[in-house]
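The values are calculated or read from the model by the stated rules, or taken from the named source; none is laboratory data. Computed from a predicted structure; not experimentally measured. Positions of Cβ are generated from backbone atoms using ideal geometry, with glycine treated the same way; all protein chains shown enter the neighbour counts.
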Amino acid sequence: MDCAANAQRCPETMRLLGRIPGMKTAFFSILSPHKHIPAHRGAFNGILRLHLALLVPGPREQVRIRIGNEFRHWTRARRCSSTTLSITKSGTTRAAIAWCCSWTLPARSNNLGTG
């Protein structure tokens, strides 16, 4: 996807993102009022995702994210594997904004060794 025009609108953000090793994706996510993002998960378990709430309209209890079986209100960063079930819901009358980014996790070694 060519995002050159958007990158030009946020030069400082792009400069900072370029300094983060291993980052694969980064974007601003705008959750419209009363929006519900249905349950979803990625196909690959080698991705770590971070959702950092930037603007959370009140009341905060009305904006939440479910990661796996855990519900949290958007008051702090949340991280999860891309294959973890996640659902986001807003019951507010104003938009919520989060910064989302992802990294590829290093491959795990299956070599247990024999000592």
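A compact table of results
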read-out: Enumerated strands (runs of 3 or more DSSP E) restricted to the stretch 1-66, each holding at least 2 residues that are aromatic (Phe, Trp, Tyr); value: 23-31
read-out: Candidate set from the stretch 63-96 (those that are modelled with pLDDT of 80 or more and touching a Ser or Thr at 6+ places or on another chain (Cβ under 7 Å)); member that is surrounded by the fewest Cβ atoms within 10 Å (Cβ to Cβ); value: Ala95
read-out: Residue list for the stretch 5-24, filter: within 15 Å of the chain's Cα centre (by Cα) and surrounded by 12 or more Cβ atoms within 10 Å (Cβ to Cβ); value: Leu17, Met23
read-out: Filter result for Gly22 (under 18 Å from Ile97 (Cα atoms) and of a type in the set (Gly, Ala, Ser)); value: no
read-out: Extreme residue, nearest to the chain's Cα centre (by Cα), among residues of the stretch 25-44 that are exposed (fewer than 13 other Cβ atoms within 10 Å of the Cβ) and farther than 15 Å from Trp99 by Cβ; value: His40
